[in-house]
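Visitor: What follows is a single structure, and I will ask about it in a moment.
What follows is calculated from the coordinates using simple rules that are stated; it is not laboratory data. Values in this document were obtained by computation on a predicted structure and should not be read as measured data. Here Cβ is always computed from backbone atoms with ideal geometry, including for glycine, and neighbour counts include all displayed protein chains.
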Amino acid sequence: MALLNRILYDAIYHTTPILLCVIGGLFAYKAGVLNIALEGMMLAGSFVAVLVAVNSQSVWLAYLSAIAVSLILGLVFSYMSVNRKGNVIIIGLAINMIVPAVAGFVLQSMGVPNLTAKWINPVIFRVHLPVVERIPVLGSLLSGHPIGTYISFLVIFLAYVLLYKTKFGIYTRVVGESPETAKSLGIKSNYYATLAILIGSLLCAVAGVNLAYERLGIFTNNMTAGRGFIAIAAIYCGKGEPLKSSLYAFIFGLARALAVNLSIYAGNVAALFDIIPYFVMIAILAVNAGYSNRNLRMRTYW
């Protein structure tokens, strides 16, 4: 029972950065733009948050700096892909490669393998829910997580409202689903696509802060470990719907939690369990691709 509780707690813990990237990325997805740069934006948020924390010892300055850098990358990505009509795959991959290169250069210049904000006590970021923590079983699972975790679950609801209950959401979906209709209605396609990408950049920054700053106050280069690409897989599997995509994010988080907890008992082969999240991602993508192709054949037949 203790192992199960630990796995479920860790599943929520590991879901947080993926979920934030999923919600951020699906805004661009709805606007017809595949934001491949989620990984780089999240890593930039992680790096800058810890770097600023080490040098300033300011919690809020670290948060704001991470958000600012991620938004700058979002502006670069949106300008090159939306305004200049560049290839989103090439632009996104360029950002994903530039960020760890810059981070590696800074680390090497400082003569350190990683950044550690020693003054940070991760306990200060944990939120204990007064009523919830008294509930047997659920209290230990849902209470005591970092701030970013509760933000991630809140933005699921906010994303749904924003996409389906506001003019911004309607216009964004029109831009993504039918650019010709958007043009005929006088909707500024570039404006809404850019805004959708920047929302994603903001949430990627929060994901990066949660991953490195809120948890341990430590940054290691490439610590995102493909979470941005896993988020893209979750968006694809969930068809860009906030709730469905979030469910896939939780599945990937659960896979990561299983990998971490089972590796404790694996001895010399513990490293093999690291493949579980990626194996789950490939399996789910394969099943979804097969299901989509079958539906396509059925529609064509009828």
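Visitor: Looking at (1) on the phi < 0 side of the Ramachandran plot; (2) under 16 Å from the mean Cα position of the chain (by Cα); (3) not in a helix (DSSP H, G or I), which one does ASN221 not meet, given that it meets all the others?
Guide: The number of the failed condition is (2).
Residue-by-condition table, conditions (1) of a type in the set (Ser, Thr, Tyr); (2) exposed (fewer than 15 other Cβ atoms within 10 Å of the Cβ); (3) free of Cβ contacts under 8 Å to residues at least 60 places away in the same chain:
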| residue | (1), (2), (3) |
| --- | --- |
| PHE105 | no, yes, yes |
| GLY111 | no, yes, yes |
| PRO122 | no, yes, no |
| PRO130 | no, yes, yes |
| LEU138 | no, yes, yes |
| LEU141 | no, no, no |
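Visitor: Taking the conditions exactly as written (under 19 Å from TYR29 (Cβ atoms) and crowded, with 16+ Cβ neighbours inside 10 Å), does GLY74 satisfy them or not?
Guide: The answer is yes for GLY74.
Visitor: Tell me, please, whether a residue that is among the acidic types (Asp, Glu), in contact with a helix residue (DSSP H, G or I) (Cβ under 7 Å, 6 or more places away or on another chain) and part of a helix (DSSP H, G or I) can be found in segment 121-136.
Guide: Looking through segment 121-136, at least one residue is among the acidic types (Asp, Glu), in contact with a helix residue (DSSP H, G or I) (Cβ under 7 Å, 6 or more places away or on another chain) and part of a helix (DSSP H, G or I).
Every residue, every condition in (1) among the acidic types (Asp, Glu); (2) surrounded by 15 or more Cβ atoms within 10 Å (Cβ to Cβ); (3) touching a strand residue (DSSP E or B) at 6+ places or on another chain (Cβ under 7 Å), yes or no:
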{"site": "PHE168", "(1), (2), (3)": "no, yes, no"}
{"site": "SER184", "(1), (2), (3)": "no, no, no"}
{"site": "LYS188", "(1), (2), (3)": "no, no, no"}
{"site": "TYR191", "(1), (2), (3)": "no, no, no"}
{"site": "ILE199", "(1), (2), (3)": "no, yes, no"}
{"site": "ASN210", "(1), (2), (3)": "no, yes, yes"}
{"site": "GLU214", "(1), (2), (3)": "yes, yes, yes"}
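Visitor: Looking at ASN87, ASN96, which one is over 18 Å from the mean Cα position of the chain (by Cα) and either under 20 Å from TYR191 (Cα atoms) or in contact (Cβ under 8 Å) with a residue 24 or more places away in the chain (or both)?
Guide: None of the others qualify; the one that does is ASN87.
Visitor: List every residue pair whose Cβ atoms sit under 7 Å apart, with the two residues 6 or more apart in sequence or on different chains, where the first one lies in segment 196-219 and is closer than 23 Å to GLY240 by Cα and in contact (Cβ under 8 Å) with a residue 24 or more places away in the chain and the second, anywhere, is crowded, with 24+ Cβ neighbours inside 10 Å and acidic (Asp, Glu).
Guide: none
Visitor: Which of the residues spanning segment 42-71 are over 17 Å from the mean Cα position of the chain (by Cα) and among the hydrophobic types (A, V, I, L, M, F, W, C)?
Guide: Listed by number, the residues that qualify are VAL50, LEU51, VAL52, ALA53, VAL54, VAL59, TRP60, LEU61, ALA62, LEU64.
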